[in-house]
Amino acid sequence: MHLNRKPIVKILFAVMALVGTSMLLPLAVSLIYGETKVALCFAVVCVPMIVIGLLVIKIVPKGDNTTLRMRDGFFIVAMAWVIMSVLGGLPFMISGSIPNFFDAFFETASGFTTTGSTIVANIEILPKGILFWRSFTHWLGGMGVLVLTIALLPMLGIGGQKIMRAETTGPTLDKISVTVNDSARRLYTIYLGVTILEIIFLMLGGVSLFDASTHTFGTVGTGGLSTYNASVGAFHSVYVEMVITVFMLLAGINFNLYHFVLTGRPGQMLRDTEFRTYIGIIFGSTAFVSVMLLIHNYYDTIGKALRYAVFQVVSIITTTGFGTDDFDTWPIPCRIVMFLLMVIGGCASSTGGGVKVIRIILSLKIIRRAADIKLRPNAVKPIKIGGKTIDENTLAAVKSFMILYALTIALGTVVVALNGFDLTTSLGSVIACVSNIGPGFGLVGPSCNFILFSGPIKFLLAMFMIAGRLELYTIFIMFTRTFWNENR
Amino acid sequence: MKEKRQKGTLGIKTALLGSMGIFIVLSLISMAVYLASGTISDPFRALFESVSAFTDTGLSVLAKDAALPAWLLIFRSFCQWIGGAMLLAFFALIFSGSDILAPSTASFYRLGIQFRASLKRLFLVYAALTVSMFLLLLATGCTAADSLCAALSTVSTGGSIPAGALKGGLSETVVVLFMILTSISYPLYYYAVKGRTEKIDKSSELNVFIGIVIASCVIVCATLAINGTYDIRHSIEYGCFQTISNLSTTGHAIADISAWPSFAQSVIFLLSFAGGCSMSLAGGVRIVRLIVILRIISRSFTVRIHPKAVISTKVNKKQVPRHLAARMSAYLMTCILFYLIGVFVVSFESPDVISCFTMSAALITSTGPALAGNIVMSDVSAVSLLLWSVFMIMGRLELYALFIPSSRS
């Protein structure tokens, strides 16, 4: 094989050790809540993972060639997410909370990809340690364990430039800094800051530390797994809903923009085209949904309609998937708006999924230009965003991404339909997984779960989550001949 | 005439506005017929019925069980046939990205003297297909009126066969056959007659189309048989009929698809997006564009690994110029956008989520009745019908109509 094996093995085992280390936190939580059996399960899983991981890193020699090529980068990222989802599921299986492999893989992939789809019907009976781990995977996945790994990469003596390319979400215009390690460090400092802030705000509203932290993990990672069957609706508190809404909205913004705010240039953030469009879409959809809810007499007061509409709109566009209300029982136009928001997703370089707002903006400009060119074939029209011309290669990449996305949803629906559930359910489950939302439509709507699918289909949906999280190409490229053929 | 030929863009725009104009005038005339005869009292409904016929969509606001007079059925099918003829004229006038790649490229490409010749060829094929289908249906025992309706409505890919018109498996086979025939590039027939088989051999689009026809029929029929939806004979009969009906975007419905296994439903649904070959009467995205777009997608994978690679796209053994390929992907994106807007527009009248998705496809691909889902046409409000008409026209004119307002010149 032509892949640069030594550094790949090192990185993958580092990821394993990292996942093992992060299990120490839920282990501690289990001990605090007196769940010794669950704590033991975590210990049985995490100790070998840490030990083996560290040993392999030590034993495998550094090798002469430490440069990573594109292929290596793709391979590492794809494998890392699959390995994480398999290993992260072990505590679920051993503790007996989710005994089936496919179910555990689905649940963990859903966590790490910050999707938030679940196969657990009654969440509230699960042990606290397990619930904590479930939410904590969101937090880890949110920023990408790999971004953390990149910060740790210097320890391994390997530069991480190539990995960033596979990992970063969507086309970006601003680079915080030249070196990857610096920007990674900065990004997760911001991430940590936002997390602590939300926990504090939630606790001010009378939420226990456990609930505050689990829901914060779900929010800032735009995951959406809750510790209650009724999701955020279980709190029955407008304050909690508003805090979560604000933080979901923050998590859906390009994290690079926070750098401007922190360095005293908030104007830069407000001028950002993607940010403005994102806010515009949220306002527009909230207004539309609340008006429709009032017209259809779904709610009797403007206050109620607004409260549920804004939470659900923000929850879906940021691809979090928390619920305070079952949007699948709303009037049909509202449901279609929700579907469209699922496709759009958050901003580039946020923790949100979907196709990203920036790609929507670019697509609309591409379509507009195509119409112009049709009528004036010789016109040369560059596409600009915020005054900067976007080069044609980026535009071509956006086009093929959008079409690939549509193809994935369409063909995915056909395959999932093999399970025999109606088309709404099949389509709903695929969009919910590929866009990393969580709840879909029909039998996988907000009040339901994904347990109904067969094992292989659950596996496929979990792979869709990972593919969606890694911008489709990273996973799909593994299945091309070009990738495996040195000569092509 | 010569001056006009030199100003290519002006020609396109004039042709576009002309086609729209003819569409509107004919629709108004046919609308007047419905209103005057008292068949439909609401002008908006009459307009929708007319546009639906001229765009070969085939959706009808008339209640299905209402016993309609024979003249009305023939009139409606005739409108669909005229709609097909208009599309052929439109093809001869304008050549989009897809059509440049058609085997006929060289002779059709420019406006001018060749326009008349090419139009004549297309019309000849169209008329020959219609007449032979009519005669074959007569031979299988259908009445003259029913045969006429079915022939006019099938060859044009309209999609409204009067209830009970088809007499058993043989006449259904005839309909299936002609749905396939009308989805093949019309210029190929001309070449076949002239004996220029090398042109046909070169058409990778035709090969892919035939491949899709066979594969999808096998998949759908097998699904129906394995699931026990029908016995084997009916699985094949209904399976093939509905599959081809959607692929050719005709939209004839002889079985209730909504009761089928969702896998078969989803396959059939996607087929109407694929549509037929370029320069045929079938709507949808068209096979040639799909081929190019799949190549573009596969190229995008290679580019991820080898950022500097230059890979050419070939169709019909000819290289597709870069700018054309780029334009085609932009076209597909326009389709997707337009389709999603359609889903939203339809949602105001739909009883469930999935019907929004199927009905929007029914309108934009001009498939019609087979994809109506759970929407009851006679209950749809007048405002929606008006909006839907716009979607049908744009879909039929390959979204060109969309481009007019965006030009400020």
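Taking a Cβ cut-off of under 13 Å around A:His215, the surrounding Lys, Arg, Asp and Glu residues balance to a net charge of -2, with basic ones at +1 and acidic ones at -1. The amide H of B:Val315, built 1.01 Å from its N in the peptide plane, has B:Val320 as neighbours under 5 Å, considering only residues 5 or more places off or on other chains. On full extension, the segment bounded by A:Glu392 and A:Val261 gains 44.1 nm, given 0.36 nm per residue less the C-alpha separation. Normalised by residue count, chain B yields a Cα convex hull volume of 157 Å³ per residue.
When the Cα gyration tensor is reduced to axis lengths a ≥ b ≥ c, the ratio a/c is 1.5 or higher for region B:263-409, and with a/b above b/c it is classed as prolate.
Return one whole number: the accessible area per residue of the protein assembly as shown in Å², for a 1.4 Å probe.
Numbers: 34030 Å² over 897 residues.
Result: 38 Å² of accessible area for each residue.
Taking label points 7 Å from Cα along the Cα-to-Cβ direction, A:Thr36 and A:Arg276 give a separation of 6.3 nm. For region A:278-309 versus region B:202-227, the inter-centroid distance based on Cα atoms is 46 Å. Please identify the helices of chain B, taking whole runs of DSSP H, that span at least 30 Å along their own axis as judged from the Cα atoms and have a mean Kyte-Doolittle score of -1.0 or higher. Helix filter hits for chain B: B:8-37, B:70-93, B:113-139, B:204-227, B:322-346.
Using 0.36 nm per residue, how much length does the chain from A:Phe101 to A:Ile196 gain when fully extended, once their Cα-Cα distance is taken away? Walk me through the numbers on the way to the answer.
Values: separation 95, 0.36 × 95 = 34.20 nm, distance 3.36 nm.
Fully extending the segment from A:Phe101 to A:Ile196 adds 30.8 nm.
Spin-label model, B:Val310/A:Ile83: points 7 Å from Cα along the beta carbon direction are separated by 4.0 nm. Considering only alpha-carbon pairs that sit under 8 angstrom and 6 or more positions apart, the relative contact order computed for chain A is 17 percent.
The Cα trace of chain A gives Rg and Dmax of 21.9, 74 Å, the first to one decimal, the second as a whole number. Run the paramagnetic zone check for A:Arg69: 7 angstrom along Cα to Cβ, then residues of region B:297-341 with backbone nitrogen under 13 Å. Within reach of a label on A:Arg69: B:305-308. Put simply, the amide H of B:Ser278, placed in the peptide plane, has neighbours under 5 Å in B:Ile287, B:Val288, leaving out anything fewer than 5 places away on its chain. In order along region A:282-288, the phi-based Karplus estimate (6.51 cos²θ - 1.76 cosθ + 1.60, θ = phi - 60°) of 3J(HN,Hα) comes to 4, 4, x, 5, 4, 4, 4 Hz; Gly and Pro are listed as x. Taking 7 Å along the Cα-to-C-beta vector as the label spot, tell me the B:Leu28-B:Ala139 distance in nanometres, rounded to one decimal. About 4.4 nm, to one decimal.
Working note: 222 nm ellipticity from helices only, DSSP H runs with n ≥ 4, each -39,500 (n - 2.57), summed and divided by the residues of chain B, gives -22000 deg cm²/dmol to the nearest 500. Using the Cβ-Cβ distance between B:Asp231 and B:Ala163 with R0 set to 22 Å, the FRET efficiency from 1/(1 + (r/R0)^6) comes to roughly 0.45.
Binning the alpha carbon pair distances of the protein assembly as shown at 10 angstrom intervals from zero yields the distribution 2, 12, 21, 23, 19, 13, 7, 3, 0, 0, expressed in whole percent.
How much net charge surrounds A:Ile244 when only the other residues with a Cβ under 15 Å from the Cβ of A:Ile244 are counted, with Lys and Arg +1 and Asp and Glu -1? Intermediate values should be presented prior to the final figure.
Numbers: positive: A:Arg307; negative: A:Glu198, A:Asp211, A:Glu241, A:Asp325.
Cβ neighbours under 15 Å give a net charge of -3.
Considering only B:Ser171, B:Ala372, B:Ile296, and ranking their Cα positions along the charge dipole of chain B that arises from unit charges at the beta-carbon of Lys, Arg, Asp and Glu, the one farthest toward the positive end is B:Ile296.
Residues of region A:230-265 falling in the label zone of A:Lys304, defined by backbone nitrogen less than 16 Å from a point 7 Å along Cα to beta-carbon, are A:236-238.
Of B:Ile161, B:Ile244, B:Ile364, which is the most mobile in a GNM of chain B whose springs link Cα atoms less than 10 angstrom apart? For chain B, modelled as a Gaussian network with Cα springs under 10 Å, the answer is B:Ile161.
Taking amide H atoms as placed 1.01 Å from N in the peptide plane, the amide H of A:Ile383 lies under 5 Å from those of A:Ile390, each 5 or more residues away in sequence or on another chain. Take the Cβ-Cβ distance between A:Phe459 and A:Val56 as r, set R0 to 25 Å, and report the resulting FRET efficiency rounded to the nearest 0.05. FRET efficiency, A:Phe459 to A:Val56: 0.40. Ordering A:Gly88, A:Met465, A:Val310 by the projection of their Cα atoms onto the charge dipole of chain A, which places +1 on the Cβ of Lys and Arg and -1 on the Cβ of Asp and Glu, puts A:Met465 at the extreme positive end. Separation of region A:32-76 and region B:137-172, taken as the distance between their Cα centroids, equals 69 angstrom. In order along region A:231-245, phi translates into HN-Hα couplings of 6, 5, x, 5, 6, 6, 9, 5, 4, 4, 4, 5, 4, 5, 4 Hz, rounded to whole numbers, per the Karplus curve 6.51 cos²θ - 1.76 cosθ + 1.60 with θ = phi - 60° and x for Gly and Pro. Taking a point 7 Å out from the Cα of A:Thr189 in the direction of its Cβ, the residues of region A:254-276 whose backbone N falls within less than 16 Å of it are A:255-265.
The values are calculated or read from the model by the stated rules, or taken from the named source; none is laboratory data. Note that the structure is predicted; figures quoted are calculated from it, not measured. No Cβ is skipped: glycine too gets one built from the backbone with ideal geometry, and neighbour counts run over all protein chains shown. For accessibility, only protein heavy atoms count, side chains too; no ligands or nucleic acids. Shrake-Rupley method; radii C 1.70, N 1.55, O 1.52, S 1.80 Å.
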